[in-house]
1. Can you find, among T106, T74, I92, the residue sitting farthest towards the positive end of the charge dipole of the range 16-160, where Lys and Arg contribute +1 and Asp and Glu -1 at Cβ?
2. Could you give the length gained on full extension between L190 and R67, defined as 0.36 nm per residue of separation minus the Cα-Cα distance, in nm?
3. From the C-alpha coordinates alone, can you work out the Kirkwood hydrodynamic radius of the range 16-160, in Å?
4. Check which residues have an amide H placed less than 5 Å from R77's amide H, if you skip close sequence neighbours.
5. If the cut-off is a Cα-Cα distance under 21 Å, which lysines reach K125, setting aside same-chain residues fewer than 8 apart in sequence?
Amino acid sequence: TCVQVNIVNSDYPERGILIFLSGEDEIYQCIHLIKHINRSHEEKEKKSYPIDVYPLFAALSQAEQKRAVSGTRTGTRKVIVATNIAETSITIPGICIVIDSGKVKTPEYDSATGIERLRVNWITKSQAAQRAGRANRERKGIVFRLYTDEEYESNMASFPPSQMITTPIADVLLNLFALGIRDLETFPWLERPDTRAIKSGLDLLHRLGAITYPSTSLSNGYLNGLSNFYNSIPH
């Protein structure tokens, strides 16, 4: 990615670059290498290639995010190294080149252990289209995809999976009980979660003292007093 930025910086000096990486650590490593390669290139060519490089991810302060998406100095290339936060955010002035790593960090919930963790995965085809579209907001742009056509077809799903499948659903189950829905076995889910995920959510709520339910069934559970209090609080 960093070498690609150096090539692009020479070939299209007036255009801003948006790079999609998977996470914060990768972003700062990339920024360090971009600056190092750019300095080396300037020394070799005896010519100045001024660039401003900014990180962009959700954990940054509002001020830092605003600085990244604002305009840049005249005669200076702007490079933004971002996570998927930049896929659908506001138009970033001057961005006409996108470099897409094809990777993203997504939460994965293990219903067997009750543990949620972030893992680096391939993006989906719809995300690839969104990322490419960032290069065409102001004028016709260019996209460099750092993956092959075979990887695109074989490794990328068309759309992201439902959050009902990939995240803990204890809150959802608690709200269903609050609505008087006690039979989760026959409930008409729009997209049914895995039975293990439902059972894990019920077990968690039971351990917290929020519900009582028969451990051998997904039916006939009911709220305890603590849950009635919780559901009465706006959240």
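1. T74
2. Details: separation 123, 0.36 × 123 = 44.28 nm, distance 4.10 nm.
Result: 40.2 nm gained on full extension.
3. 16.4 Å
4. I51, D52
5. Within the straight-line cut-off, K125 pairs with K103, K105, K140.
Readers should treat all values here as calculations from the given coordinates under stated rules, not as data from a laboratory. These figures come from a predicted structure and were not determined experimentally. A quick note on method: Cβ atoms are made from the backbone with ideal geometry, for glycine too, and the neighbour counts reach across all protein chains shown.
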